[in-house]
Amino acid sequence: MNWIKKVGRVLFSMKTALVILVVLALVCTAGSVIPQKEIAAFYENNYPEKAAQLILLLGLDDVFHVTWFVVLAVFLCVNLLGCNIVRFPSLVKRMRSGYTPEKVLKTGGAFELTQTREPEALFKACGFSKWQETKNEQGAKALYAVKNKVGIWGAWLCHLGMLIVIVGFSLGQMKQIEYAVYGVPGQTKAIDETGYELTIDDFVIGLREDDTVDQYTATITVKDTATGEEQSGQTSVNHPLSLYGMRFYQNSTGWAATARIYKDKELLQENLLCAGEYTYIEDKEGLALTFSAFYPDYVEDEAGMPRSASSRLNNPAYLYRLYFNNQMLGMNVLKEGEVITVDDYVITLSEPQQYTLIQIKRDPFTWLAAIGAILMMAALMIAFYLRTAELWMVQQENGAWMVCGRSRKGGVEFEERIRSEQDKLMKN
């Protein structure tokens with residue numbers, strides 16, 4: 001049985017909880033820095049070989065779903081829950097019978113001060129609104145008061161709030177739903193099957209003086225198709241927008257262009273294509289155009305390969321591919337003003353503009369984590385500002401009162417306040 005008690009003490013100790021918290025904090029930091037849920041090739045291409053192997057081995061590519069992270073989170077929850085269950089009866093007992101004049105008169109105080117002749121005034125000056133009269137073992141008259149008994153629950157409530165936050169966060173990560181919508185200003189697209197539509201009202205790319213990107217900002221409107229209600233706002237990198245219980249992230253951007261297809265000099269069709277998209281020629285079965293890449297300031301390197309000298313629209317060019325029955329007919333770079341001719345069809349690419357990709361996340365347990373966070377904040381306020389303190393006075397033979405007191409937290413500060421208020425009363 002002794003070993004069970006020892007295991008219990010380790011399992012439900014705050015030292016164990018702190019160790020797990022530090023590990024989880026480091027892992028969560030890694031999960032925020034390392035892109036999640038990418039294919040293995042992404043990490044192999046973007047990280048040093050050993051770093052990529054370590055990321056994939058430890059599951060840091062999907063850290064919030066890897067088995068050992070879930071086990072640690074569950075273990076921490078068990079630890080915090082156990083701590084609270086073990087401490088709950090003792091706290092209830094202390095609230096009911098831990099603060100009595102009989103008890104403090106037997107055990108004594110943390111400090112004893114010089115005598116005072118104004119006990120009631122000192123009680124009031126130190127924040128005690130009520131006190132009770134009793135006698136000590138020698139039969140001397142005594143006065144006792146206690147304040148902020150609720151303060152003993154501060155640490156307990158903080159642990160409970162932490163437990164709720166962890167449970168809410170963990171469930172949120174496991175049950176989180178993600179969507180992605182991309183397009184150019186003016187486009188409206190459905191957010192999967194959520195019943196909401198997203199309209200991209202505007203998209204602005206802020207540049208620094210050296211032509212590097214400073215910020216991407218998208219102005220969006222989200223519509224509830226069932227009620228017709230609309231909500232708008234801006235989202236930018238590292239500044240997500242919250243609407244209808246969803247968070248909208250400015251994820252990435254790229255180039256789009258308008259593809260126009262003519263037949264016999266008449267416009268047959270017009271499609272807005274983002275880089276990587278394709279369109280089929282409507283009356284030519286099997287013929288498809290893919291808009292592969294865009295070069296806003298087109299130049300060729302020493303090997304003759306296309307690239308962009310800058311991000312400004314100085315010499316736009318479009319990389320395209322043509323397919324027929326899934327077989328590639330050809331690939332080339334189309335400069336501004338040039339056309340593609342295929343049989344009776346003339347194809348143009350023009351009007352380049354940048355599109356935005358908005359990543360949308362819906363966490364069904366955000367409310368639970370929020371409750372836990374609010375509870376933790378309230379608990380910290382209770383622990384730091386509602387410190388439990390006791391003050392009592394015993395009348396001496398000369399009629400003066402010996403002042404005693406104690407406070408489990410902030411005892412020195414409490415003693416200094418008693419001395420200060422007593423000095424003020426003596427001067428008056």
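The values are calculated or read from the model by the stated rules, or taken from the named source; none is laboratory data. As the structure is a computational prediction, the values presented were derived from the model and not from experiment. All Cβ positions, even for glycine, are placed from backbone atoms using ideal geometry, and neighbour counts span all protein chains on display. Surface accessibility is based on the protein's heavy atoms, side chains included, excluding ligands, DNA and RNA. Shrake-Rupley method; radii C 1.70, N 1.55, O 1.52, S 1.80 Å.
Scanning the stretch 24-35 for residues that are closer than 15 Å to Phe169 by Cβ and touching a residue at least 24 places away in the same chain (Cβ under 8 Å) yields Leu24, Val27, Cys28, Gly31. Candidates in the stretch 178-189 are the residues that are open to solvent by 30 Å² or more (accessible area, probe 1.4 Å) and more than 26 Å from the chain's Cα centre (by Cα); of these, the one that is nearest to Val237 (Cα to Cα) is Pro185.
Of all residues in the stretch 248-277, exactly one satisfies the criterion of being over 41 Å from the mean Cα position of the chain (by Cα) and of a type in the set (S, T, N, Q), namely Gln269. Gly372 falls short on exactly one of the conditions (1) farther than 30 Å from Met246 by Cα; (2) open to solvent by less than 30 Å² (accessible area, probe 1.4 Å), and that condition is (1).
Please verify whether the stretch 358-369 includes one or more residues that are of a type in the set (Asp, Glu) and either over 33 Å from the mean Cα position of the chain (by Cα) or open to solvent by 70 Å² or more (accessible area, probe 1.4 Å) (or both). Looking for residues that are of a type in the set (Asp, Glu) and either over 33 Å from the mean Cα position of the chain (by Cα) or open to solvent by 70 Å² or more (accessible area, probe 1.4 Å) (or both), one finds none in the stretch 358-369, hence no. Inside the stretch 179-204, residues that are part of a strand (DSSP E or B), in contact (Cβ under 8 Å) with a residue 60 or more places away in the chain and farther than 10 Å from Asp224 by Cα make up a count of 7. Of the residues making up the stretch 203-250, just one is among the hydrophobic types (A, V, I, L, M, F, W, C) and exposed (fewer than 12 other Cβ atoms within 10 Å of the Cβ), namely Ala226. Looking only at residues in the stretch 375-403 that are touching a helix residue (DSSP H, G or I) at 6+ places or on another chain (Cβ under 8 Å) and among the charged types (D, E, K, R), the one that is least open to solvent (accessible area, probe 1.4 Å) is Glu390. For the stretch 389-408, indicate whether the set of residues that are outside any strand (DSSP E or B), more than 24 Å from Glu118 (Cβ to Cβ) and of a type in the set (Gly, Ala, Ser) is non-empty. There is no residue in the stretch 389-408 that is outside any strand (DSSP E or B), more than 24 Å from Glu118 (Cβ to Cβ) and of a type in the set (Gly, Ala, Ser).
For Ala41, the requirement of being at pLDDT below 80, in a helix (DSSP H, G or I) and closer than 20 Å to Met162 by Cβ is not met. Considering only residues of the stretch 278-306 that are under 38 Å from the mean Cα position of the chain (by Cα) and either open to solvent by 50 Å² or more (accessible area, probe 1.4 Å) or among the aliphatic types (A, V, I, L, M) (or both), which is nearest to Gly206 (Cα to Cα)? Per the criteria, the residue is Ala293. Here the condition is being of a type outside the set (Gly, Ala, Ser), open to solvent by 40 Å² or more (accessible area, probe 1.4 Å) and under 41 Å from the mean Cα position of the chain (by Cα); of Leu60, Leu91, Leu81, Leu76, it holds for Leu81 alone. Does the stretch 106-117 contain any residue that is at pLDDT 85 or above, outside any strand (DSSP E or B) and within 54 Å of the chain's Cα centre (by Cα)? No. Residues in the stretch 315-358 that are touching a Pro at 6+ places or on another chain (Cβ under 6 Å) and part of a strand (DSSP E or B): Val333, Pro352. Listed conditions (1) over 14 Å from Arg387 (Cα atoms); (2) buried (at least 17 other Cβ atoms within 10 Å of the Cβ); (3) not acidic (Asp, Glu) are all met by Met174, apart from (2). Please tell me if Arg406 is farther than 21 Å from Gln132 by Cβ, touching a strand residue (DSSP E or B) at 6+ places or on another chain (Cβ under 6 Å) and crowded, with 17+ Cβ neighbours inside 10 Å. No; evaluated as a whole, the condition is false for this residue.
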